[in-house]
There are 2 protein chains.
Amino acid sequence: MTTTVSRTSTPGGISRLVTNQADFDTRLEALLAWEGVSDAEVKARVDAIIADVRARGDAALIDYSNRLDRLQVTSMAELTLDQARLEQAYQGLPAEQRDALTAAAERIRLYHERQKPESWRYTEADGSVLGQQVAPLDRAGIYVPGGKATYPSSVLMNAIPAHVAGVREIIMVVPTPDGMLNELVLAAAYLAGVDHVFTLGGAQAVAALAYGTETVPRVDKIVGPGNIYVATAKRAVFGQVGIDMIAGPSEILVISDGGTNPDWLAMDLFSQAEHDEDAQAILVSWDAAHLEAVQESIDRLLPTLEREAIVRESLASRGALIQCRDRVEAIALINRIAPEHLELSLSNPDDWLPDIRHAGAIFMGRHTAEALGDYCAGPNHVLPTSGTARFSSPLGVYDFQKRSSIIHCSPEGASELGRVASILARGEALTAHARSAEYRIES
Amino acid sequence: MTTTVSRTSTPGGISRLVTNQADFDTRLEALLAWEGVSDAEVKARVDAIIADVRARGDAALIDYSNRLDRLQVTSMAELTLDQARLEQAYQGLPAEQRDALTAAAERIRLYHERQKPESWRYTEADGSVLGQQVAPLDRAGIYVPGGKATYPSSVLMNAIPAHVAGVREIIMVVPTPDGMLNELVLAAAYLAGVDHVFTLGGAQAVAALAYGTETVPRVDKIVGPGNIYVATAKRAVFGQVGIDMIAGPSEILVISDGGTNPDWLAMDLFSQAEHDEDAQAILVSWDAAHLEAVQESIDRLLPTLEREAIVRESLASRGALIQCRDRVEAIALINRIAPEHLELSLSNPDDWLPDIRHAGAIFMGRHTAEALGDYCAGPNHVLPTSGTARFSSPLGVYDFQKRSSIIHCSPEGASELGRVASILARGEALTAHARSAEYRIES
């Protein structure tokens, strides 16, 4: 699928909006507009690749890797990395990076252990037992993008919840275009408990994980970000395996009460905008002078950024400084936008929490920069984008487990329930259901 | 999408398999094979309907309802049922049905209240707070099929978890082909806490729920079963709103140790097979004489069924009596099939539970007929089909809630984490991330 977006860019700068402007709603809608649209050509190519991998297995994977990632391999062994290779990457890191990665992995693990759902059951007066049994998936597949935008933090965030969930086997795929391998990514895989790595990418990697080949085991769920081919392939195999949400561009909504250093806020907006030109950074405040000060910080700091061009384009096309009337309006904006990242740069963020219905992650207080959550605070950085926080949650341990209902009726319980079930089944004209229940009624 | 299936029917009867047969794996795979295949024509018609509802709103809904459900309405008011109408349906039921429906609703509510996830948080040594806030969806849409296969139990099973979750507004849609309305369905909606009912169906109803019209409010998630147009429409709007799984045909796997009355088991298999010709009923036992006895019960009882023709076709095309060697083989079969419904008709079902990794719902002991779970035991009857219990769960309260991560760093915590984040961000060449974190490092 390709993505289209309505742009309302202010040439050379970030949009300035005031909620009492007559056209505020229209302008905000235009800024937020984002819709993935299916591209028939990409869809057809992806369907063909999936069919080919299902038909030819490993041979197809070798062909596509040579063609699309410009490799020259002749066997799957050359597309497989073993545990020793991962450990070698970890040991080979500079001490400072190794320690930082280890500290991040440890914090992410601790947080996710708190998240683990437990099996439960209860016994009724007649001895019947009801409950739910929680079990991990057998196998999870983690897709990690290759090339330039290769993020070791994403490996930690996707694989650690699976590991904490108790998934028996975690398979990672990462393409190596032109043979390029990122040591930090392999080290992260080692730390996160990845069991096998295949250097595969694109729709062919997704197809291999969904259906299995001679070498790649079939998994039960595929998670992780990817380009348009990966996203389209994930959508195509949805149902055959589980998938996580298809992510849109990353976004942040910052609410400031005027008490945070404007330079800090400018950099928080930049840290979102530097992801790519479609990323969205919005600041809301009721303090007009404060918004002016942040605007001044933006103008002054922008030229000092390594990724200045990307940030400039992102802020101009999708960013905004919004002046609202008060806290009530700010909260309405939060729930309307349902942001992926919400930064409450306030003196009293706890007072706001009960009113916030939709947000992927909430960063509270002036010190909690969103970037801390991207790497090492503990909670997951895989979050619902484009307003999907209305109905979706951060990636978590629960995404790598599933539940089975438990029903164990005592003879008395079955007899009692049988009477009710019989009446309802006959009301639906399902008489074999009724008779099956009636056999268990005690006379 | 249309569905294709490989059939290995034994003319006039249910397949008999033994696990030590040379072709057992092949025959089992063929029996289980089920794949939804996209039908380009259906997809195109659904896409056109969705586009039309987005463009014309209520006017399109009125047109499609008149055309496809053969109505003659001129306003949305004629496609809207109010609370008084639902209560009237409830009060008008025969006492026996009203009491049975009320008892079922009460048990379903009690079970689902146990399932409610809670918000949690913890404080670290440096004063930083981490956690997760659980919130209900604002609005849920429940699709209920109309016409002949209208099941009040499905209304209870889909709407009660939403109500228990605390969803602010539950919207139900149910088509009324030729104006046909099912009073039991309306009564169930009354009991389950449905707020609004629109007598709409098909792709147009899904489009209205996903995007909203002048009259129908946009919802955050759409659940409930439907025909091929409904399933295709749900797939198309996935991402714009949340959806539940796209269900395949219903299935049961019964494991018997030989001690259950063969007539009971035959009727349990029938109760699954009577749903439709594609439903799947499989019985596994290591007791060959017992399998013979069940076969005899099937032959004797089949002619007594109201839905004999459907059951006969279902058993012949997709049913099986499987003789395995022992408990170990039976457990391997369970985990391979990952059945929607698993009936453990055993003297010691509790001993088996720890080994069962994949099943939608587990019915334990000789008295727990699957039909009890369909109506009134308490657990949900919306369950993962076609082996998707490998990665999916029963519909539950958790499907109508979402989580927001909470991160509130103390100044000390932010300083400490800032150092780690800075190193990792620079490792990913995201320097605005690094600088945003570094601002919070205390010198």
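The values are calculated or read from the model by the stated rules, or taken from the named source; none is laboratory data. Worth saying up front: this structure is predicted, and the values here are computed from it rather than measured. Positions of Cβ are backbone-derived with ideal geometry, glycine not excepted, and every protein chain shown enters the neighbour counts.
Tally the residues that are touching a residue at least 40 places away in the same chain (Cβ under 8 Å) and aromatic (Phe, Trp, Tyr), restricting the search to segment B:385-399.
Our first condition is that a residue be touching a residue at least 40 places away in the same chain (Cβ under 8 Å); within segment B:385-399, this holds for B:385-390, B:392, B:395-399.
In the following step, the residues that additionally are aromatic (Phe, Trp, Tyr) were identified as B:398.
Selection size over segment B:385-399: 1.
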**Counted residues, segment B:92-146 - those being within 16 Å of B:SER404 (Cβ to Cβ) and either part of a loop (DSSP other than H, G, I, E, B) or touching a residue at least 40 places away in the same chain (Cβ under 8 Å) (or both)** = 14
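Considering B:LEU32, B:LEU81, which residue is modelled with pLDDT of 95 or more and not β-branched (Val, Ile, Thr)?
On the way: B:LEU32 fails: modelled with pLDDT of 95 or more.
Of the residues listed, the single one that is modelled with pLDDT of 95 or more and not β-branched (Val, Ile, Thr) is B:LEU81.
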**Request:** Would you be able to tell me the number of residues in segment A:46-67 that are among the acidic types (Asp, Glu) and more than 13 Å from A:LEU79 (Cβ to Cβ)?
**Result:** 2
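Residue-wise test of (1) out of contact with any Asp or Glu (no Cβ under 6 Å at 6 or more places or on another chain); (2) more than 30 Å from A:ARG440 (Cα to Cα).
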site: B:PRO177; (1), (2): no, yes
site: B:GLN204; (1), (2): yes, yes
site: B:ILE228; (1), (2): yes, yes
site: B:PRO249; (1), (2): no, no
site: B:VAL254; (1), (2): no, no
site: B:TRP264; (1), (2): yes, no
**Item:** Breaking point among (1) assigned to a loop (DSSP other than H, G, I, E, B); (2) β-branched (Val, Ile, Thr); (3) under 13 Å from B:VAL144 (Cα atoms), for B:VAL185
**Value:** (1)
**Request:** Could you check how many residues of segment A:357-379 are more than 7 Å from every other protein chain (Cβ to nearest Cβ) and closer than 19 Å to B:TRP120 by Cα?
**Result:** 1
**Asked** Of all residues in segment B:213-267, which are more than 22 Å from B:HIS341 (Cα to Cα), of a type in the set (Phe, Trp, Tyr) and within 12 Å of another protein chain (Cβ to nearest Cβ)?
**Response** B:PHE238
**Asked** Residue check, B:ASP399 against (1) farther than 14 Å from A:SER405 by Cα; (2) at the interface with chain A (Cβ under 7 Å from one of its Cβ atoms), all met but one. Which one?
**Response** (2)
**Matching residues in segment B:115-167 - criterion: being of a type in the set (A, V, I, L, M) and within 11 Å of chain A (Cβ to nearest Cβ)** = B:VAL129, B:LEU130, B:VAL134, B:ALA135, B:LEU137, B:ALA140, B:ALA149, B:LEU156, B:VAL167
**Message:** Please verify whether B:VAL197 is in a loop (DSSP other than H, G, I, E, B), assigned by TED's automatic domain parsing to the domain that holds B:GLY57 and buried (at least 24 other Cβ atoms within 10 Å of the Cβ), treating the condition exactly as stated.
**Reply:** no
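Could you go through segment B:254-267 and let me know if any residue there is within 22 Å of the chain's Cα centre (by Cα) and buried (at least 19 other Cβ atoms within 10 Å of the Cβ). Explain how you work it out, then say what you get.
Narrowing segment B:254-267 to residues within 22 Å of the chain's Cα centre (by Cα): B:254.
Within this subset, residues satisfying the condition of being buried (at least 19 other Cβ atoms within 10 Å of the Cβ) are B:254.
Looking for residues that are within 22 Å of the chain's Cα centre (by Cα) and buried (at least 19 other Cβ atoms within 10 Å of the Cβ), one finds at least one in segment B:254-267, hence yes.
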**Request:** From B:SER405, B:SER347, grab the single residue that is at the interface with chain A (Cβ under 8 Å from one of its Cβ atoms), among the small types (Gly, Ala, Ser) and more than 15 Å from B:ILE252 (Cα to Cα).
**Result:** B:SER405
**Item:** Those residues of segment A:22-51 which are in contact (Cβ under 8 Å) with a residue 60 or more places away in the chain and within 17 Å of A:VAL206 (Cα to Cα), in sequence order
**Value:** A:VAL42, A:LYS43, A:ARG45, A:VAL46, A:ASP47, A:ILE49, A:ILE50
**Asked** When segment A:73-122 is examined, which residues are found to be among the small types (Gly, Ala, Ser) and closer than 30 Å to B:VAL134 by Cα?
**Response** A:ALA103, A:ALA104, A:ALA105, A:SER119
**Prompt:** Which one of B:ILE171, B:ILE160 is assigned by TED's automatic domain parsing to the domain that holds B:ALA60 and not in a helix (DSSP H, G or I)?
**Reply:** B:ILE171
**Message:** For the structure I just gave you, tell me whether B:ARG327 is more than 10 Å from chain A (Cβ to nearest Cβ) and either buried (at least 24 other Cβ atoms within 10 Å of the Cβ) or not hydrophobic (A, V, I, L, M, F, W, C) (or both).
**Reply:** yes
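Each row is one residue, and each column tells you yes or no for (1) in contact (Cβ under 8 Å) with a residue 12 or more places away in the chain; (2) in contact with a Cys (Cβ under 8 Å, 6 or more places away or on another chain); (3) among the hydrophobic types (A, V, I, L, M, F, W, C); (4) part of a strand (DSSP E or B).
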| site | (1), (2), (3), (4) |
| --- | --- |
| A:ILE246 | yes, no, yes, no |
| A:ILE252 | yes, no, yes, yes |
| A:ASP263 | yes, no, no, no |
| A:SER271 | yes, no, no, no |
| A:ASP278 | yes, no, no, no |
| A:ILE282 | yes, no, yes, yes |
| A:ALA289 | yes, no, yes, no |
| A:SER297 | yes, no, no, no |
| A:LEU301 | yes, no, yes, no |
**Message:** Restricting to segment B:110-129, name every residue that is of a type outside the set (Gly, Ala, Ser) and touching a His at 6+ places or on another chain (Cβ under 8 Å).
**Reply:** B:VAL129
**Item:** Residue satisfying all of: in segment A:6-29; surrounded by fewer than 17 Cβ atoms within 10 Å (Cβ to Cβ) and closer than 30 Å to A:GLY226 by Cβ; modelled with the highest pLDDT among these
**Value:** A:GLU29
**Prompt:** Could you count how many residues in segment A:69-91 are away from chain B (no Cβ under 14 Å), in contact with an Asp or Glu (Cβ under 6 Å, 6 or more places away or on another chain) and part of a helix (DSSP H, G or I)?
**Reply:** 1
**Prompt:** Is one or more of the residues making up segment B:200-210 in a helix (DSSP H, G or I), of a type in the set (Val, Ile, Thr) and touching a strand residue (DSSP E or B) at 6+ places or on another chain (Cβ under 8 Å)?
**Reply:** yes
**Message:** A:ALA421 - would you say it is in a helix (DSSP H, G or I), in contact with a Phe, Trp or Tyr (Cβ under 6 Å, 6 or more places away or on another chain) and facing another protein chain (nearest Cβ under 7 Å)?
**Reply:** yes
**Request:** Would you point out which residue out of A:SER393, A:SER443, A:SER386 is more than 7 Å from chain B (Cβ to nearest Cβ), small (Gly, Ala, Ser) and under 30 Å from B:VAL129 (Cα atoms)?
**Result:** A:SER386
**Asked** Between a first residue in segment A:423-443 that is among the charged types (D, E, K, R) and a second residue that is surrounded by fewer than 19 Cβ atoms within 10 Å (Cβ to Cβ) and modelled with pLDDT of 95 or more, which pairs have beta carbons less than 6 Å apart while being 6 or more apart in sequence or on different chains?
**Response** A:GLU442/A:SER415
**Asked** So which residues in segment B:142-167 are among the hydrophobic types (A, V, I, L, M, F, W, C) and either buried (at least 23 other Cβ atoms within 10 Å of the Cβ) or in contact with a Cys (Cβ under 9 Å, 6 or more places away or on another chain) (or both), if there are any at all?
**Response** B:ILE142, B:VAL144, B:VAL155, B:LEU156, B:MET157, B:ALA159, B:ILE160, B:ALA162, B:VAL164, B:ALA165, B:VAL167
